[in-house]
Each structure stands twice: as structure tokens, then as C-alpha cells.
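To start, the structure itself, in C-alpha cells.
Laboratory data are not the source of any read-out in this text; all were calculated from the coordinates shown. Because the structure is a prediction, the values reported are computed rather than measured. Cβ placement follows ideal geometry from the backbone for every residue including glycine, while neighbour counts extend to all protein chains displayed.
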Amino acid sequence: MFVRTPADLGAVIRDRRKQLKLDQAAFAKRIGVSRYWVILIERGHPRAELSLVLRALDALDIQLDAGVRETDRRRPRGVDIDAIVAKAKGGKS
């Protein structure tokens, strides 16, 4: 599954926690946070502390893959302003 939003991440955490048959209180105790924090993260709270999120993922044995997705190589990466100016001047430098 691709995680693109905090809500996606929250759903992954909630689903895995349930697979492991952990209630929110037990999970919170395992990672050293409050049950309220677990509720917030599972609802997709966008400002959760990264170290706590990583700790939660580790406790649930969720692997975080930071791979780079393949992009369309034909699409230019930026704008070549010199080429635009040269073209506007009729190809003269």
C-alpha cells in the first residue's frame, strides 16, 4: 500500500494494530504514549511527532520503504531560461 496522506498512515497503523489483537491502551503502553495519541494518529493527525510515529511503526513491525518512484524521463526537470531568451531573440546569443 502506498501511504500518501496522514489518514493513509493512520489506517495502516490501525489495521496492523488490530491484526496483532492489540487494543489502543495496550499499544499506547507498548510505545510509551497516551491512548489519546493513538486515537489521533489512527485518525490521521497531520502533526504527529516523527520519532513517535517511527516508534509506532517499529512496534507493529511495519517496514518503512523510502524508495524513489520511477518518473517520466521525457518530462523536463526545470525550465531552461537561457533557451527561452535565445528563442525569443530569434536564436541569437
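Charges only on Cβ, +1 for Lys and Arg, -1 for Asp and Glu: so what's the dipole of region 6-59 about the Cα centre, in debye to the nearest 20? Dipole size: approximately 200 debye.
Helix 50-59 and the longest principal axis of the C-alpha atoms of the chain enclose an angle of approximately 60°. For the chain, a crude dipole built from +1 on the beta carbon of Lys and Arg and -1 on the beta carbon of Asp and Glu, taken about the Cα centre, is about 240 debye to the nearest 20. Positive end of the dipole of region 6-59 (Cβ unit charges, origin at the Cα centre): among Ser51, Leu9, Trp37, the Cα lying farthest that way belongs to Trp37. Between Leu20 and Asp65, what is the FRET efficiency for a Förster distance of 22 Å, r being their Cβ-Cβ separation, to the nearest 0.05? That gives a FRET efficiency of 0.65.
Using just its DSSP H runs of length 4 or more, each adding -39500 (n - 2.57), the chain gives a mean residue ellipticity at 222 nm of -15000 deg cm²/dmol after division by all residues.
Sorted into 5 angstrom bins from 0, the C-alpha pair distances of the chain split as 2, 12, 19, 17, 9, 5, 5, 5, 5, 6, 5, 4, 3, 2, 0 percent.
The value given for region 6-59 is a Kirkwood hydrodynamic radius of 10.7 Å, derived from the mean inverse Cα-Cα separation.
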